[in-house]
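What follows is a single structure, written as structure tokens, with notes after it.
The values are calculated or read from the model by the stated rules, or taken from the named source; none is laboratory data. Quantities reported herein were computed from a predicted structural model and do not represent experimental measurements. Positions of Cβ are generated from backbone atoms using ideal geometry, with glycine treated the same way; all protein chains shown enter the neighbour counts. Note: areas computed on protein heavy atoms with side chains; ligands, DNA, RNA excluded. Shrake-Rupley method; radii C 1.70, N 1.55, O 1.52, S 1.80 Å.
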Amino acid sequence: MKILEDPENLRLMNQAELELHKDQKKVELYREKEELLYAIDEKGFEADLTEKGRNFINPKDPEAFVLPELTTVFARN
């Protein structure tokens, strides 16, 4: 996040976000989200690979980076 320490970069990012959120149908926003390899939830302190990201890292087994549902795993044992 060091790149956001530069006020000009922060201004450009905020401007881009405002442009994306102006569209009521969110067409451009969803188009941009489809290109992401990962997503960060700053409030929830979480980061996750998108489906495209998993396919990019390991095209032969994209599910290798998905954590199993632990309740299901323990219920089988």
Those trypsin sites (Lys or Arg not before Pro) from the stretch 1-70 that are DSSP loop and have at most 11 other Cβ neighbours within 10 Å turn out to be K25, K43, K60
Distances over 21 Å make up what percent of all Cα-Cα pairs in the chain? 52 percent
Rounded tilt (10° steps) of 7-22 against the dominant C-alpha axis of the chain: 80 degrees
Spatially proximal aspartates and glutamates relative to K26 (Cα-Cα < 15 Å; intrachain offsets below 8 disregarded): E17, E34, E35
Determine the per residue accessible area of the chain with all protein chains present and a 1.4 angstrom probe, expressed in square angstrom. 95 Å²
With every protein chain kept in the model, how would you rank V73, V27 by accessible area, 1.4 Å probe, largest at the top? V27, V73
